[in-house]
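The values are calculated or read from the model by the stated rules, or taken from the named source; none is laboratory data. Note that the structure is predicted; figures quoted are calculated from it, not measured. Note: ideal-geometry Cβ built from the backbone for every residue, glycine included; neighbour counts use all protein chains shown. Only protein heavy atoms, including side chains, enter the accessible area calculation; ligands, DNA and RNA are left aside. Shrake-Rupley method; radii C 1.70, N 1.55, O 1.52, S 1.80 Å.
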Amino acid sequence: MREYLLTLCITAAVTYLLTGPVRKFAIVAGAMPEIRARDVHREPTPRLGGIAMFFGLCAGLLVADHLTNLSEVFEKSNEPRALLSGAALIWLIGVLDDKFEIDALIKLGGQMIAAGVMVMQGLTILWLPIPSVGSVALTQWQGTLLTVALVVITINAVNFVDGLDGLAAGMVCIAAAAFFLYAYRIWYSYGIEAAAPATLFSAILMGMCLGFLPHNMHPARIFMGDSGSMLIGLVLAAGAISITGQIDPDALKLFAGSEKAAVHQTVPVYIPLLLPLSIIAVPAADLISAIVRRTWRGQSPFAADRGHLHHRLLEIGHSHSRAVWIMYFWSALIAFGSLAYSVNSASMWIVLGVVFLSAIGLVLLLLPRFTPRVPMWAQAIVPPRYRRRRPVAAESAESAESMESVEVEQRTPVAVGVAGVNGATALRARSHAPERPRAETSR
């Protein structure tokens, strides 16, 4: 665990320290596109934050390769090299898109090629645990197609949700934290070395997101752009492929009996993280709704609009920060709820806790729809929008008194050197010499 935490901290530190210089580079390079109709921000903001995140990924892999225990991951598996190859390709495509706005179909082709590069180096789905059937071995073509589909879906789900400051990085960080706990449990508790690469990928992914978030929280100073959103989506998909499609469920030996019975009993462990759509359920739901909405209107599925979930939260009446935290809440509830259910699926307390937290989430979600009557004693502790408004006559009288006080202050002379006064009068007295009359000319 210490080596994983060290890798996480190194990745976060490198990403954080490089984001500032990358921001200056993005401004100089002109990677500051004009504000579009669907954008939420009001000022041009540089992109290319994915550059810092990619170098953070490289730093994390380099440090892990020189650690005592994690170096065995690189010796026994080719998956870290496969991840780095696919990440470099998808990152390069994202950098070009952030600068030159390449076509959506070209990006889709690049995503498929990056997934194919990882498949060629061994990072692919070999079999799937199917309830009441057992471990179904996949052919080479089936594994390749399923792996490419998973990578493309995850990348675009993360890319679609990247619409508010800090939203994509925070949601992926939450998903990576839940995934890390799950993978570490499989690797450490059951002694399955095949889960070590996925544990390493999730730790590095957390470091990338945590290092970038301080620069990306509202108001954001830099955006990750497609170079960052597609990169973290690919890393998340690579971890899910590594642990879901290459570990035999029967190797856990949780239950005695046939392989079919073992797989049936371990479905609560594997289904929550099978094709990480349950961990990124919110971005996946946003992706599916966007495709259905645009296709229904006769538009291209890649056509941009303002119908995403975060846009709807803003339309309801939530502020920018509150909309982001609501999305964080639902992502954490789904991710860690799935994790808790995978640990103990027979506990009714887990189900009741998820239901209770879901009810709280719905109340927070619909909060702007109503304005409760707050008692007078609680006026000072509630947000201003929930406070009772004073009568118009009282407000007008108070404003008149404030205007009179302002006029009195303006008529009062200010002494030289008075603290708290800005401008020349705070340093020295103004010259009181009479102005010279202008000379009259015949012009």
Tell me, which helices (runs of 4 or more DSSP H) lie completely within region 288-375 with 3 or more residues that are modelled with pLDDT of 75 or more and either open to solvent by 50 Å² or more (accessible area, probe 1.4 Å) or on the phi < 0 side of the Ramachandran plot (or both)? 320-343, 348-365
Checked region 68-86 for anything open to solvent by 30 Å² or more (accessible area, probe 1.4 Å) and not basic (Lys, Arg); matches are THR68, ASN69, GLU72, GLU75, ASN78, LEU84, SER85
Within region 137-147, is there a residue that is within 17 Å of GLU79 (Cβ to Cβ) and open to solvent by 40 Å² or more (accessible area, probe 1.4 Å)? yes
Taking the conditions exactly as written (open to solvent by less than 10 Å² (accessible area, probe 1.4 Å), touching a Lys or Arg at 6+ places or on another chain (Cβ under 9 Å) and closer than 19 Å to ALA12 by Cα), does MET224 satisfy them or not? yes
Single unsatisfied condition, LEU89 versus (1) open to solvent by 10 Å² or more (accessible area, probe 1.4 Å); (2) within 26 Å of VAL73 (Cβ to Cβ); (3) in contact (Cβ under 8 Å) with a residue 40 or more places away in the chain; (4) among the aliphatic types (A, V, I, L, M): (3)
Taking ALA175 as the residue in question, decide whether it is assigned to a helix (DSSP H, G or I), over 19 Å from PRO21 (Cα atoms) and either touching a Phe, Trp or Tyr at 6+ places or on another chain (Cβ under 7 Å) or open to solvent by 10 Å² or more (accessible area, probe 1.4 Å) (or both). no
